[in-house]
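Presented below is the structure to which this report refers.
The values are calculated or read from the model by the stated rules, or taken from the named source; none is laboratory data. Bear in mind the structure is a predicted one, so any value in this text is a computation, not a measurement. Here the Cβ is made from the backbone with ideal geometry for all residues, glycine too, and neighbour counts use every protein chain on show.
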Amino acid sequence: MARIICILYLLLTGILSRAQIMPAERSSLNYRLVGFSFPCADQGAGCSIEIARGSFDTASQFDKNIVLKQECSSGKAIIEVPAFGCEYTWRTVFARRQDTVKSGLFHFSVTGSISADTSNSRVRVVKNTGEYKDNYFFVDATSTLYDMDGNPVWYLHHKNETVRDLKVSQQGTITCEIAENAIEVNYNGDTLWHGPEKVTVSGDTSEHYHHEFTRLANGHYMVFGQEHVAWRLPFYKRDPASKVYQHNIYKDSCGDYYEKLHFATLIEYNERGDVVWHWKSSEFFSTTSLYTTTAADGSFKVNDVHQNSFFFDEQRNVIYISCRDLSTILKVKYPEGTVLETYGPMCKANAGDGEKMLFNGQHSCKLSKDGYIYLYNNNSCQRNDTPSIVVLKEPGSRHRGLQKAWEYKCADETLDVFTPMSFVAREKSVPGLSTLTSGGNVMELPDGSLFVSMGEPFGKLFIVDKEKNVHWRATLEARDDKKKTWTRLQTYRATIISRSQLEQLIWNTQCVEKKHPML
């Protein structure tokens, strides 16, 4: 009976290889964590996978180059192959009692990438307690997924454009923003969805997607867009030495001065790419002063809004929007679009007067599972302070303001970059303290700890618990070939995923159809 089963198994692997075997024959993969799937005729028999490095067509050649053997209890297994830029051959071994049957040879290759090449860029882990060893993290700057030891295991195919907000969706796909386009891909890098070509919200030739792109629980897509708005100025004094108006300022036929400002739009698409909801921040700010008086002669500065993150609380139907340059968080009712609250100092963001604020120049505003607002506080305007992670409690009644519930100051993570006193020194050479730090984000983990990515100029990642114990810490670095040394690599964001999320990504490549051509 066992021999008959083995013969049937051989027939199955021959007949169904194209339909049921994964990875597909002669496929080129962009990852080292490979999902193997094959028909298994007898669940009670012992199954194992053997992998050889190289491409071989005979069993004798294959046997001499085997580098991995792994048992599997069913017809599926996830195995990490040694390196990018290599060809691999594999087979299954089916054993029961005295009978051993080996399948034919199957082939695939793992392509290489400059971004995933550790001689070009790397994650140097400086502390690792091992408590989060089953997690993985994406880094925007390299568009690569790493394990917690800093080893690259997956990378995104793209044409060297800037990648932002690389993360997993609730549906087991990967979303990101690339060169003003919103993209959804599967683990194989196949494009599943992208922002539609038809422009309906911005009034421009493009929606100008930026900063954040998220797939919602209902399958819809929500993304930041941008519109350019002519903003009327209270007055304008042109520098006599200048022959042109500064800062995109122009004068209309009535003698009024205008400056073109950028305002975020928030757009929700369905799976077909139809706009099902949108919100324009310009409509809210049209009744709000964006001017800060900065001098005794009455000259003023027009504050950019610079929306850089949103979080949609789909249970309560509210959206939190971070406005970096106003050091403000908007709480918007969905779908009405009504602004329920404005948290923060609005146009006091660049006052630079040492006023202690709960946050300024912030990034990555989210809501915790306990209902607290948490964010990466860049502290751009505080001369004698460092970036921090802040958890904030919303007031029980309107207009009472936020309360700080918890804070972790990133002092240890900034020591090798600059000391607090160097903020003052840098102010003389950098136009505005808000340019000192940029980017950064924070994500809550299931156990309540926080995964933090520090943006420019730090290039640091760490995990800290609520008792402020750091369990894992790493530095992003890029190779400087001219100086023969490693330099700090800045990333806009990094996001962490669990092993179960990774497995969902891997096995989804079998059932999610490709909807759009590759980039």
Completion exercise
For the stretch 441-473, the count of residues that are at pLDDT 95 or above and either part of a loop (DSSP other than H, G, I, E, B) or more than 23 Å from K366 (Cα to Cα) (or both) equals 10
Exercise for the section: Any chance you could count how many residues in the stretch 197-211 are under 21 Å from the mean Cα position of the chain (by Cα) and more than 30 Å from V153 (Cα to Cα)? Expected result: 2
Exercise for the section: For the stretch 141-163, state whether one or more residues are under 23 Å from Q501 (Cα atoms), crowded, with 22+ Cβ neighbours inside 10 Å and charged (D, E, K, R). Expected result: no
Handout entry: Residue, nearest to V276 (Cα to Cα), within the stretch 198-213, restricted to residues that are touching a Ser or Thr at 6+ places or on another chain (Cβ under 9 Å) and among the charged types (D, E, K, R)
Key = E207
Problem - Of residues in the stretch 212-237 being farther than 21 Å from H262 by Cα and among the charged types (D, E, K, R), the one farthest from the chain's Cα centre (by Cα) - result: K237
Problem - the stretch 55-114, residues that are without any contact (Cβ under 8 Å) to a residue 24 or more places away in the chain and under 29 Å from H158 (Cβ atoms) - result: I114
Practice task
Scan the stretch 82-101 for residues that are modelled with pLDDT of 85 or more, out of contact with any Lys or Arg (no Cβ under 7 Å at 6 or more places or on another chain), surrounded by 15 or more Cβ atoms within 10 Å (Cβ to Cβ) and closer than 19 Å to C72 by Cα and jot them down.
Solution key: T89, W90, T92, F94, V101
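Please find, within the stretch 474-488, the residue that is nearest to M148 (Cα to Cα) out of those that are assigned to a strand (DSSP E or B) and not hydrophobic (A, V, I, L, M, F, W, C).
T475
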Problem - Verdict on V201 being closer than 18 Å to W507 by Cβ, modelled with pLDDT of 95 or more and hydrophobic (A, V, I, L, M, F, W, C) - result: no
Completion exercise
All conditions in (1) surrounded by fewer than 19 Cβ atoms within 10 Å (Cβ to Cβ); (2) touching a Cys at 6+ places or on another chain (Cβ under 8 Å) are true of V110 except (1)
Handout entry: Residues of the stretch 30-64 that turn out to be touching a strand residue (DSSP E or B) at 6+ places or on another chain (Cβ under 9 Å) and exposed (fewer than 14 other Cβ atoms within 10 Å of the Cβ), as a count
Key = 5
